[in-house]
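Heads up, the thing below is written out as structure tokens.
The values are calculated or read from the model by the stated rules, or taken from the named source; none is laboratory data. Treat the numbers as computed from the prediction; the structure is a model and nothing was measured. When we count neighbours, we look across all protein chains shown, and the Cβ atoms used for this are built from the backbone with ideal geometry, even at glycine. Ligands, DNA and RNA are stripped out before the accessible areas are found, and what is left, the full protein with its side chains, is counted by its heavy atoms. Shrake-Rupley method; radii C 1.70, N 1.55, O 1.52, S 1.80 Å.
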Amino acid sequence: MATKKVERTTLKISGMHCASCSTILTKALQKVPGVTSAVVNYSTEKGTVTFDPAHVQEAMLVEAVKKKGYGAEILKEESYAREEKLRQQEIQALKRKVLISSVLSFPALLISMFFTFLPYREYILWILATPVQFYIGWPFYRGTWAALKNKSANMDSLIAIGTSAAYFYSVYALLFSAEAHQYFEISAILITLVLLGKYLEAVAKGKTSQAIAKLVKLGAKTATVIRQGKELQIPIEQVIVSDIVIVKPGEKIPVDGILVEGHSAVDESLVTGESMPVEKKKGDAVIGSTINKQGAFRFKATKVGTETTLARIVRLIEDAQSRKAPIQRFADNVSAYFVPIVIGLALVTFFIWYFVMQEELEFALIAAVAVLVIACPCALGLATPTSIMVGTGKGALHGILIKGGDILEAAHKLRFIVFDKTGTITKGQPEVTDIVPVKGVTEKDVLMLAGSLEKNSEHPLAEAIVQKAKGHPLKKVSGFQALVGRGVKGKIGASEYYLGNLKLMKERKISMAALLPKLESLEEEGKTVMTLASGKKVLGLIAVADEIKEDSPAAVSILKEMGITTYMITGDNKRTAQAIAKKVGIEKFFAEVLPEEKVSYVKELQRKGKVAMVGDGINDAPAIAQADIGIAMGSGTDVAMETGNIVLMKNSLLDVPRAIKLSRLTMSKVKQNMFWALIYNVLGIPIAAGVLYPFTGWLLSPMLAGAAMALSSVSVVTNALLLRRKSLQLKKAKRFNHEQP
């Protein structure tokens, strides 16, 4: 039986107002015949659809979105720059509206509170509030209409109904009832505050697309190929499989392929995250967008276009982001039931007082409006954002950048944290750790001779030795030669010296008997060891390693005390990984792992609970995107930082447990605020409806309802601000001996 062909496309969606919009669109796309799966992500404003091209055309998917009242277009690879431009335009437009709304609404608030003696005061308030209500607040009406067409309700519905009730009752009071109170400033201030929240949200959401745009930019733009015996420089898009490509020192390798001529050392940190260049010879694979450090070579292109490693990494990040379920904010879930209930209660209140109890029209209208005003979701809308704003602000003061409320919400539930090794647990730069001379030779002699030889080399290990030898008088070297995959040689004075690995010593028939046990011991610790020799005599050893950061063991220890299981993941060999894991106190690790495999390990852990991935390289970006929480080191690549949900600017792993502590403190405040926001509505609505009036004569006027609503907002904001006083100081970690077995 033939396998059904399946294609996938990405839609850029505009006009979504809240998380419930993404749910509406996901269901709409899933209902299109021939669609096998669809996910719309409110955070990234994209929809990922898998479909059978025999039954579905991309235009049908766009039409399905437009029918629901939203905008859509097919997102092509070249659309990233345009998408970023549109997003910036959207952010600037929101910023402009927030400023206009503030200029109109805050003077209205001041006039209402302090300038009661002002002539024509009510008319001035009406003039100030009207543009805010219908120009600035127009998106809320549009969102309400879109939700109504789809037989649902959202936060926009609550804002539109609550502010409209306050505004139109105020117009009625101004024109027809001199004694009635007006609420123009309440509607205007509410719209301004909610719009400010949407602006801050848009800024945070903008980071996701930047990550992919920067990745796309990292690729080479041109390639030098041989066609019909001639060297041609062509755009990267024109390279085809089997082309012979020439790469010179310092150039980016354009596409993936197999080396056919020459040899070199290639910086593959883009993909592997490892700081040391990899030696390449005929028959070895080379990866597109990695950097050729030394010799020139030719290779045969094997993967081009969307099949290259870099293109696959871009797809992995997009896939991980699209699979993340849109955050269904509590307030939006409540609104689906809350809005129709509140409207129903307001109508019932009016009907009972006017028709059943035979009260005057104004009395019934005041009671109904009081229900709508006190039910206005100002406190409910502020409950989470205020805590999040204080929490993220507190994090920023401590160098912990958190990219949204959903991140803080998820961080307090983490069960597993996976650390990348290079540049995360370790410093990311090789350093000389040991100098072992033979009898009769000093450490200074070994370092001076090794530094003299290596000052002519461009290898990172050479840089580490030259750096260590600074301050020592280095000798002049003649006849220097880099021996690919083995080391270097050169003459100092009349003597020839060699510095390299065991392979080089065996070639030169130099006996290692005196230092072999020490060399093996150092290699067991995960260090790269080079031997210095002259003629047939060994002079000493120099060990180089990427040392762990001073605070890495303490961070791991504190996380264990917080009940979180830690893992280490690396592209390095098992022996080095084991040595580093032992030093830092991590019991579980994965070694010799490729970027695609990192994602698989994260997925495996996600079956057991919430997972955070901590890394600093582009190779970590897919796993950072796949994890429930991606944490990027501030010293890492821009792409890792922008893919990450949390960025640690101080580059300290101690900020990982600090971020989790901050999340726990913030979520505690969110829950407290939700309670206070809802309790005002639960208790206030019956009082506003006049339940107590027959027994006590108490009727909550719209003015008092507005005051109660304001009080609930003040209590929520005040409670959130108390978070500033909370300390992020960590409990002292148990002492951890780096050298313990």
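Overview of results
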quantity	calculated
Pair list, Cβ under 8 Å, 6 or more apart: the stretch 673-684 residue under 13 Å from Ala383 (Cα atoms) and in a helix (DSSP H, G or I), other residue modelled with pLDDT of 80 or more and open to solvent by less than 100 Å² (accessible area, probe 1.4 Å)	Asn673/Asn719; Trp676/Asn719
Residue that is surrounded by the fewest Cβ atoms within 10 Å (Cβ to Cβ) [pool: residues in the stretch 395-406 that are out of contact with any Ser or Thr (no Cβ under 8 Å at 6 or more places or on another chain) and in a helix (DSSP H, G or I)]	Leu397
Hey, Ser452 in a helix (DSSP H, G or I), of a type in the set (Gly, Ala, Ser) and closer than 23 Å to Lys583 by Cβ or not	no
Test: residue in the stretch 429-444 that is in a helix (DSSP H, G or I) and modelled with pLDDT of 90 or more	yes
Subset of the stretch 244-273 [farther than 18 Å from Gly219 by Cα and open to solvent by less than 30 Å² (accessible area, probe 1.4 Å)]	Leu259, Ser264, Ala265
Per-region count, the stretch 129-150, residues among the hydrophobic types (A, V, I, L, M, F, W, C) and either open to solvent by less than 30 Å² (accessible area, probe 1.4 Å) or more than 43 Å from the chain's Cα centre (by Cα) (or both)	6
Wholly within the stretch 543-640, strands (runs of 3 or more DSSP E) carrying at least 2 residues that are touching a Leu at 6+ places or on another chain (Cβ under 9 Å) and either at pLDDT below 90 or more than 30 Å from Leu515 (Cβ to Cβ) (or both)	565-569, 610-615, 629-633
Check on Ala146, farther than 30 Å from Ala367 by Cβ, part of a helix (DSSP H, G or I) and at pLDDT 75 or above	yes
Pairs with Cβ under 8 Å, 6+ apart, first in the stretch 170-193 and at positive phi and touching a residue at least 24 places away in the same chain (Cβ under 8 Å), second open to solvent by 10 Å² or more (accessible area, probe 1.4 Å) and part of a helix (DSSP H, G or I)	none
Some residue of the stretch 287-309 being farther than 29 Å from Val484 by Cβ, modelled with pLDDT under 80 and touching a helix residue (DSSP H, G or I) at 6+ places or on another chain (Cβ under 6 Å)	no
Residues located in the stretch 151-173, provided they are open to solvent by 30 Å² or more (accessible area, probe 1.4 Å) and more than 18 Å from Leu195 (Cβ to Cβ)	Lys151, Ser152, Phe168, Tyr172
Spans of strands (runs of 3 or more DSSP E) in the stretch 467-506 with at least 1 residues open to solvent by 70 Å² or more (accessible area, probe 1.4 Å)	478-483, 487-492
